[in-house]
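Encoded as structure tokens, the structure appears first; notes follow it.
Coordinate-derived values only; no laboratory data. Since this is a predicted model, take the numbers as computed values, not measurements. Methodologically, a virtual Cβ is constructed for each residue, glycine included, from the backbone with ideal geometry; neighbour enumeration extends over all protein chains shown.
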Amino acid sequence: MVAALAWNDAIQTLFKMIFGEQSAVWAKFVYALLVTALVVVITMRLSNLIDKIKQNKEDDSEGQ
């Protein structure tokens with residue numbers, strides 16, 4: 001959790017440097033969208049990986 005907060009602060013600081021203080025609200029929405037998209041992609045990939053592992057275990061069980 002501490003690492004996530006540290007990354008959050010670092011990325012927000014980067015966005016402030018790139019977009020400036022005046023566009024802080026806009027930058028926060030962009031940041032939120034990017035983080036959401038990243039989490040969705042990671043979740044989907046992990047779900048697919050888990051499905052493959054389960055399928056491999058089922059295939060191994062049937063083969064014995």
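Remarks
- Between 0 and 90 degrees, the angle of helix 2-19 with respect to the longest Cα principal axis of the chain falls at about 50 degrees.
- Cα long-axis angle, helix 24-63 against the chain (0 to 90 degrees, to the nearest 10): 10 degrees
- Loop sites in the chain: GluC sites (Glu not before Pro), DSSP, at most 11 other Cβ within 10 Å: Glu21
- Extent along principal axes [Cα atoms of the chain; Å; largest to smallest]: 65, 22, 13
- Helical contribution to [θ] at 222 nm, DSSP H n ≥ 4, -39,500 (n - 2.57), averaged over the chain, rounded to 500: -32500 deg cm²/dmol
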